[in-house]
Amino acid sequence: MNQDLIITYLINFAYTLLRALVYALGCFVAWRAFDLMDKIDIRKEITERKNLGWAIMIAAIFLGLAYVIGQI
């Protein structure tokens, strides 16, 4: 019985790691796609010009993607 519980925990841990990797890859792809579609340099807008609107929009993309992946 104890061995089955350990195997179940390991499977759940591996599944959680896989979901985290999918989330990280999804965030990277979403960031790059959004950066390529827009004519403005988003990193420059957020860091140098302190544009809070862009920062909120990128955070919303990441949070929305996390929600979608979390529902899988």
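All of the numbers you see were taken from the coordinates with simple rules; none came from a lab. Only a predicted model underlies this, so the values are computations on that prediction, with no experimental measurement involved. Heads up, the Cβs are rebuilt from the backbone with ideal geometry, glycines too, and the neighbour counts pull from every protein chain shown.
Values computed for the structure shown
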quantity: In sequence order, calculated HN-Hα J values of the stretch 30-43 (Karplus, 6.51, -1.76, 1.60; Hz; x Gly/Pro); calculated: 5, 5, 5, 5, 5, 5, 6, 6, 8, 7, 8, 6, 5, 4
quantity: Long-range HN-HN contacts of Asn51 with modeled amide H, under 5 Å; calculated: Ile46
quantity: Assigned charges on the beta-carbon of Lys, Arg, Asp, Glu; the stretch 22-72 dipole about Cα centre (debye); calculated: 80 debye
quantity: Highest-first arrangement of 7-14, 49-56, where packing means the average Cβ count within 10 Å; calculated: 49-56, 7-14
quantity: Debye intensity ratio in log₁₀ form over the Cα atoms of the stretch 22-72, taken at each q of 0.13, 0.18 Å⁻¹; calculated: -0.32, -0.59
